[in-house]
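Notes follow once the structure below has been shown.
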Amino acid sequence: MNLIRNQIQQAGRTHSASVIFLHGSGDNGANLIEWIRLLLGRNLEFDHIKIIYPTAPLQPYTPNGRQLSNVWFDRDSISISAPENRSSMEGIYGAIHQIIQNEVASGIPLKRIIVGGFSMGGALALHTGFHLNTGLAGIFACSSFLNHDSVVYDSLLKHATKTTDLPHLLMFHGDRDPLVPIEWGQASFNKLTKLGVKGTFTTLANTYHELKRSELLQLHKWILTNLPPDENITNDS
């Protein structure tokens, strides 16, 4: 399954790391950029980090009456207890993996790549980092969760002896989220940490299903901590 397009914010003079930021259901990469710009008053940008904002493919989405929508995968319902639609998830894995491999092919080590996202995009980021590419530098998930029967948990159980190689995790969740209750995000985080994932879960006060300025500022700092400038990599972006 091919992605429709990638919106890319290039790094400055040197590109030594990459971030892939995945939007929520029904959105697109360009809108996510504008949302972030509205909240920050500027782009989420770094001198040495390229940020890639892919757009999900247009496909039928069951929670929306099977209407066509830009979604990363289909699911029966928005519920932590719903069975995970693994066949639909597998349909997007190749596209995300290809974006990562394109960065690796350009000279960016896997350990210099972070994947994250909002809502459904955050769920896909969790799959990407803890099921597909455990060698990434980090994973962030905003207002997201994993289903109780997620294949991610199966993968972590199978590789329990290799937890030191797992990406660091950063999760944010609004305490008033009506679409994805904070209890779902907290339960997912707790299960991931029990399986060896290291990270932090930040509760956003008086926050619904949305991104917040304070969240993006914390994310910016976390990204710099995990992807500091690397003077040994000088390829142009």
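The values are calculated or read from the model by the stated rules, or taken from the named source; none is laboratory data. Bear in mind the structure is a predicted one, so any value in this text is a computation, not a measurement. Cβ atoms come from the backbone with ideal geometry, glycine included; neighbour counts cover every protein chain shown. Surface accessibility is based on the protein's heavy atoms, side chains included, excluding ligands, DNA and RNA. Shrake-Rupley method; radii C 1.70, N 1.55, O 1.52, S 1.80 Å.
Have a look at 94, 116 and point out the one that is under 18 Å from the mean Cα position of the chain (by Cα) and not in a helix (DSSP H, G or I).
Answer to the selection: 116.
Considering only residues of the range 61-79 that are in contact with a strand residue (DSSP E or B) (Cβ under 6 Å, 6 or more places away or on another chain) and open to solvent by 60 Å² or more (accessible area, probe 1.4 Å), which is farthest from residue 5 (Cα to Cα)? Across the range 61-79, the extreme among qualifying residues is 66. You will find that of 17, 11, the residue that is open to solvent by less than 50 Å² (accessible area, probe 1.4 Å), at pLDDT below 95 and farther than 29 Å from residue 65 by Cα is 11 and no other. Within the range 157-193, the set of residues being modelled with pLDDT of 95 or more and assigned to a helix (DSSP H, G or I) comprises 182, 183, 184, 185, 186, 187, 188, 189, 190, 191, 192, 193. Would the range 24-45 turn up any residue that is more than 18 Å from the chain's Cα centre (by Cα) and of a type in the set (Asp, Glu)? The answer is no, given that none of the residues of the range 24-45 is more than 18 Å from the chain's Cα centre (by Cα) and of a type in the set (Asp, Glu). Taking the conditions (1) outside any loop (DSSP other than H, G, I, E, B); (2) surrounded by 13 or more Cβ atoms within 10 Å (Cβ to Cβ) in turn, residue 136 satisfies each one other than (1). Within the range 199-237, being of a type in the set (D, E, K, R) and either at pLDDT 95 or above or surrounded by 14 or more Cβ atoms within 10 Å (Cβ to Cβ) (or both) holds for 210, 212, 213, 215, 221, 230.
Just checking, does the range 109-119 include any residue being surrounded by 24 or more Cβ atoms within 10 Å (Cβ to Cβ) and either among the hydroxyl-bearing types (Ser, Thr, Tyr) or in contact with a Lys or Arg (Cβ under 6 Å, 6 or more places away or on another chain) (or both)? Within the range 109-119 (the criterion being surrounded by 24 or more Cβ atoms within 10 Å (Cβ to Cβ) and either among the hydroxyl-bearing types (Ser, Thr, Tyr) or in contact with a Lys or Arg (Cβ under 6 Å, 6 or more places away or on another chain) (or both)), the answer is yes, since at least one residue qualifies.
Only one residue in 196, 174 is more than 15 Å from residue 137 (Cα to Cα), free of Cβ contacts under 8 Å to residues at least 40 places away in the same chain and in contact with a helix residue (DSSP H, G or I) (Cβ under 8 Å, 6 or more places away or on another chain), so which one is that? Going through 196, 174 in turn, just one is more than 15 Å from residue 137 (Cα to Cα), free of Cβ contacts under 8 Å to residues at least 40 places away in the same chain and in contact with a helix residue (DSSP H, G or I) (Cβ under 8 Å, 6 or more places away or on another chain): 174.
One line per residue, one yes/no per condition, for (1) within 11 Å of residue 24 (Cα to Cα); (2) touching a strand residue (DSSP E or B) at 6+ places or on another chain (Cβ under 8 Å); (3) modelled with pLDDT of 95 or more:
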site: 138; (1), (2), (3): no, yes, yes
site: 142; (1), (2), (3): yes, yes, yes
site: 145; (1), (2), (3): no, no, yes
site: 152; (1), (2), (3): no, no, yes
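When the range 28-48 is limited to residues that are surrounded by fewer than 15 Cβ atoms within 10 Å (Cβ to Cβ) and without any contact (Cβ under 8 Å) to a residue 24 or more places away in the chain, the one that is nearest to residue 121 (Cα to Cα) turns out to be 34.
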